[in-house]
Every structure is written in C-alpha cells, then in structure tokens.
Amino acid sequence: RSFYLYTALAGMLVSGFSPLGAVLPNTFFYLLSIPVFYFLANRYFKNKNLALVSAALYALSPVTITHARFFWNPNLLIPLSVFFWYLATTPPQSRHLSLSFFLAGLLAAIMFNFHYFSLIPVFIYGLYLLAVKRSDEFSYLLLGFFLGSLPLLVFELKNHFYLTNAFFYNLNHGIRGLAH
C-alpha cells in the first residue's frame, strides 16, 4: 500500500527533498491527463469543439485543480482513471487492442494500490466486457491486472494477508471497532 509514497519520493528526489516535491508527480500526471482526456472525449463525441470544451472543463474543474495541488494517496486516481478509460475503451477493430487492454489492466492494478475502491468500476467494466462477449479484451485486462498486482500479492502472502484481514476487520467493525 506504500506505492503512493514511492510516487512522492520521485518528486522529492527531483526537488532536492523539498516537502513540496511530493506533489510534483500529481501535477505531472494531471497535466499529462488533460490531452488524453481530450482524445477520450473526441473518441465519444466525434466533435473536436465539444471534446475541447470537455477537456477544458476537466482541466479547470475545482476537483482536478484541488487534487493536483496536495499529496494524498488517492489523488492520482483521477488522472490514472483518464488513462485507464482511454486504454480500456479502445475500439474493437484497433490493431493495438491487446496491448491497450493489457496496459489498462496494469493501470487498474496501480490504481488499486492507491485505493481499493478503484476496483469497483474496473470490476463492473470487466463484467460488461464478458456480457458483450469481448473475452479477449477481458483476458488481457485481467492479465495486466494480475501482473501489476504481483507486488501486492507477494506482500499479502509474506505478511499473512495483513491488508486483507485489516480490510475485513474494518468492514465488520466499522467506526465502533476503530474506537476500541
């Protein structure tokens, strides 16, 4: 679960270990996600002006601006989800389909490392792929997710499923259990 700390460390290395450097990766990925959001919007709207307005709304959104400016582990979910959805919605006739879905799976695993709730839309999308009989894409997505999750799986095995047990403990005990 410390993947976000390594992300912050990268920014701190670049900034000479300034505490403000921890936010540099956030800013970098948010800025990089803006043109990708434009391409994603253009894919669906098929109208360059509407895609440009959509990308501007994304870039200037208070949520985007706020989360790009401070360090917290789930902040990177916003730009990473833009990359994920761009890759995961690759048109079926694309010759780069398998690579796109594999990379989307890797991104889903990274997103899962930032916050486990990111698994919910990925899971639902996987079910959608199965429902519309796109099992090849589902397989590549699952393979990428599995390979990207190997460090977490190894940690869990090595530490007797510590994170999994903590998750279920908190799920079963809620706020009352945390107070005791």
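Here the range 104-180 exposes an accessible surface that is 72 percent carbon and sulfur, computed with a 1.4 Å probe and the other protein chains kept in place.
Considering every alpha-carbon pair of the range 20-70, the percent of pairs per 5 Å bin, from zero through the bin containing the longest distance, is 5, 23, 26, 19, 13, 8, 4, 1.
Run through every distinct alpha carbon pair of the chain and return the Kirkwood hydrodynamic radius in angstroms, one decimal place.
Final number for the Kirkwood radius of the chain is 17.9 Å.
Here the range 1-60 and the range 114-180 have alpha carbon centers that stand 24 Å from each other. Taking 0.36 nm per residue of separation and subtracting the Cα-Cα distance, full extension of the segment from L147 to L119 would add 8.6 nm. Between the beta carbons of L171 and L57, assuming R0 = 45 Å, the FRET efficiency works out to 0.80 to the nearest 0.05.
Can you work out the accessible area per residue across the chain, with the rest of the protein chains kept in place, probe 1.4 Å, in square angstrom?
63 Å²
Projecting label points 7 angstrom from Cα along Cα→Cβ for Y162 and F17 puts them 2.5 nm apart. Using C-alpha pairs below 8 Å separated by at least 6 residues, the relative contact order for the chain is 18 percent.
When the helices in the chain are scored as -39500 (n - 2.57) per DSSP H run of 4 or longer and the sum is shared across all residues, what 222 nm value do you end up with, to the nearest 500 deg cm²/dmol?
On the way: 9 runs with 139 residues, N = 180.
After summing the helix terms and dividing by residue count, I get -25500 deg cm²/dmol.
Loop exposure criterion: chymotrypsin sites (Phe, Trp or Tyr not before Pro), DSSP state outside H, G, I, E and B, at most 15 other Cβ atoms within 10 Å. Applied to the chain, the longest stretch between such sites is 73-160.
The values are calculated or read from the model by the stated rules, or taken from the named source; none is laboratory data. Just so it is clear, the model here is predicted, and its values are computed rather than measured. Glycine also receives a Cβ, built like all others from the backbone with ideal geometry; neighbour counts cover every protein chain displayed. Note: accessible area is taken over every heavy atom of the protein model, side chains too, but ligands, DNA and RNA are not part of it. Shrake-Rupley method; radii C 1.70, N 1.55, O 1.52, S 1.80 Å.
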